[in-house]
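The values are calculated or read from the model by the stated rules, or taken from the named source; none is laboratory data. Everything numeric here is computed off the predicted structure, so don't read it as measured data. Positions of Cβ are generated from backbone atoms using ideal geometry, with glycine treated the same way; all protein chains shown enter the neighbour counts. In case anyone asks, the SASA skips ligands and DNA or RNA and just uses the protein heavy atoms, side chains included. Shrake-Rupley method; radii C 1.70, N 1.55, O 1.52, S 1.80 Å.
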Amino acid sequence: MTHARAQLDARGLTPKKSLGQNFLMDAGVCARIARVACATAPTRMLEIGAGTGALTIALAALCSDLTAIEIDDHLISLLREREDLANVHFVHADALTFDYAAFAASGPWSVAGNLPYNIATPIVTRLVEMDDAPETLVVMVQRDVADRFAAKPGTPMYGSLSIAVQYSFDVERVFTLGPNAFFPRPKIDSTIVAFRKRAQPVAPVRDITLFRQVVRAAFAYRRKTLANSLHLALGHSRELITAAIRQSALSPEIRGEQLDIAAFARLADNLAAASI
Ligand code: SAM
């Protein structure tokens, strides 16, 4: 594997911190990520943030139909010139505004990537909430973000992000890498997370937009009870909220972090019925 540093040096480039450029250095690690990403994935794979192609080449070895997005002008030309990546379709695009729905329209798809840390959360949230969401996402994120994705009710990392991803996806922390795996070295550990789409959401709801609002509202005031947090964040009367909480077989004194997804789904459905 040609190291990222050598490829950058040859073009007089340096890594850009603003774009979260911490490049993988070990071909063995890239092959391991690619094996997880391609294990059950459909053949159409989208890589986010191809960089200097370390993971791209490993994915291309296992996946016959690979598209890779990269925002950096210099890196996209570097990637397009590489003969060993001639089978990859490169797109010079911003992963935050890329038209994923258009990509999804051609059939089942999956996502892989060593995501830029500063935008990993909005990218993953957007992908898992799509109607035509990917079948799997295998992505590297900051370790504490991985912990939030996978957190269970009643634990300190559990929050609206955990519920947003676990509603439709099974979440597995696959392995963690220290700073030495990257050039340049980041200050934090990184974890590969595998998201696999569930056959059905954990608990189907009447109104998914309201469900998401209720979840966010429950965690908006972490120190307050569920009833107070929902009252303040949703603006409904305390009586209406307390009635919906009781109908959901919950105590108004409970805190949001104690509710599992099924309890949030019951609550959102009861609030939907009460607000009509
Ligand atoms: N995949 C390469 C690797 O593992 O060595 C690079 C990973 S690096 C952590 C993240 C990559 O995402 C960088 O190449 C960076 O330029 C790119 N990137 C940053 N922001 C982006 C955005 N908004 N859209 C697309 N790519 C982006």
For the structure I just gave you, tell me whether LEU19 is in contact with a Pro (Cβ under 9 Å, 6 or more places away or on another chain), more than 10 Å from the ligand (Cβ to nearest atom) and at pLDDT 95 or above.
no
Looking for something in a helix (DSSP H, G or I), within 16 Å of the ligand (Cβ to nearest atom) and not hydroxyl-bearing (Ser, Thr, Tyr) - is there at least one such residue anywhere in the range 130-142?
no
Which helices (runs of 4 or more DSSP H) sit wholly inside the range 45-118 and have at least 3 residues that are near the ligand (Cβ under 10 Å from one of its atoms) and out of contact with any helix residue (DSSP H, G or I) (no Cβ under 6 Å at 6 or more places or on another chain)?
73-81
First in the range 69-98 and within 15 Å of SER18 (Cβ to Cβ) and open to solvent by 20 Å² or more (accessible area, probe 1.4 Å), second anywhere and more than 6 Å from the ligand (Cβ to nearest atom) and of a type in the set (Lys, Arg), Cβ under 8 Å, 6 or more apart:
HIS74/ARG11
Name the residues in the range 184-224 that are touching a strand residue (DSSP E or B) at 6+ places or on another chain (Cβ under 9 Å), in a loop (DSSP other than H, G, I, E, B) and open to solvent by 30 Å² or more (accessible area, probe 1.4 Å), would you?
PRO184, ILE188, ASP189, ARG198
Selected residue [within 22 Å of VAL215 (Cβ to Cβ), away from the ligand (no atom under 15 Å from the Cβ) and at pLDDT 95 or above] from ARG126, ARG148:
ARG148
